[in-house]
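To start, the structure under review is shown below, and the notes come after it.
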Amino acid sequence: MGEVDPAFFQAPEHRPSLQNIEAQGIPLIDLSIPSSPDASLEDLVKKIGDACRDWGFFKAYKNVRDWKEVFDFAVQNPTIVPASYEPDDKEVTEWYNQWPEYPPELRPTTFIRLNHYPPCPVPDLALGVGRHKDAVALTILAQDDVGGLEVKSKSDGEWTWVTPTPNSYIINVGDIIQVWSNDAYESVEHRVKVNPEKERFSVPYFLNPAHYTWVKPLEEIANEQNPAKYRPYNLGKFFVTRKRSNFKKLDVENIQISHLRVSDLSDKFEGALSINP
Ligand SMILES: O=C(O)CCC(=O)C(=O)O
Ligand SMILES: [Fe+2]
């Protein structure tokens with residue numbers, strides 16, 4: 001292992017502690033659908049709802065054979081996304097991808113990433129992935145037994161270590177569910193620590209609706225008592241705007257859902273995303 005380029009060092013306030021504070025509270029939920037009685041299914045739904053509200057994360061356990069239903073890949077037509085961020089440009093481009101058969105609404109822009117974290121001699125200075133929120137609907141993460149994922153606890157703001165559990169996946173709420181639920185479920189910040197001796201592999205699977213979807217708080221959730229906290233945004237244009245990533249020249253951070261809050265809508269982003277459907 002050679003010298004580490006200081007460009008990889010985190011700013012002092014974002015450097016990780018070498019101690020792992022374990023996230024005792026992150027629930028491990030058995031997702032095997034109870035065949036009967038119905039009440040058990042309600043119980044399962046409640047457990048998932050509570051975990052999404054309290055942590056934005058949970059570990060999903062399922063009998064190994066059953067995971068086939070979740071990761072049943074089928075190679076189909078390419079993913080269609082807008083060719084540019086210009087609101088009036090209707091041209092689209094094709095990304096080749098793989099997606100699950102179920103649920104069909106989430107097929108078009110769902111994608112997978114393969115992460116490899118080599119051993120790193122400065123685990124107190126560098127991170128494998130810096131703090132971020134997932135800009136997707138939902139993430140299902142497979143990981144080996146090395147560990148590295150830390151989640152920012154909603155209760156005390158501490159970075160908490162997610163111990164790998166065999167035969168389970170980590171599921172987390174992304175930005176789109178935060179908007180759909182009008183903030184009932186938050187997309188929570190997370191990051192990845194590196195290990196000085198061991199390499200690590202992880203495979204996040206990002207579920208998304210189609211690029212032409214206008215994302216906004218669901219009608220059955222937002223109402224007069226709970227007014228919509230976000231303006232509708234076009235998902236494809238949002239992604240392409242983020243990828244373009246040149247908001248630096250406007251001296252603002254890259255676009256985030258927080259910029260689409262009704263109270264915090266910046267003119268710069270309004271133009272870029274064509275907020276009104
Ligand atoms: O590798 C991990 O544990 C998480 C990776 C991650 O957060 C991401 O790729 O968005
Ligand atoms: Fe992530």
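Read the figures in this text as sums done on the coordinates, not as results from a lab. Owing to the predicted nature of the structure, the values given are computational and were not obtained by experimental measurement. Cβ: placed from backbone, ideal geometry, glycine included. Neighbour counts: every protein chain shown.
Key figures
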| read-out | value |
| --- | --- |
| Charge sum, other residues only, whose C-beta stays under 9 Å from residue 16's C-beta, Lys/Arg counted +1 and Asp/Glu -1 | +1 |
| Under-5 Å amide H pairs with residue 160, H placed in peptide plane, nonlocal only | 151, 152, 153 |
| Additional length obtainable on full extension of the chain from residue 20 to residue 89, 0.36 nm per residue less Cα span | 20.0 nm |
| Inter-site label distance for residue 261 and residue 183 at 7 Å from Cα along Cβ, in nm | 0.6 nm |
| R0 of 45 Å, Cβ-Cβ distance residue 7-residue 220: FRET efficiency to nearest 0.05 | 0.45 |
| Cross-link pairs beyond the 18 Å C-alpha cut-off, checked among 47/193; 154/229; 216/243; 152/193; 152/216; 47/216 | 47/193; 154/229; 216/243; 152/216; 47/216 |
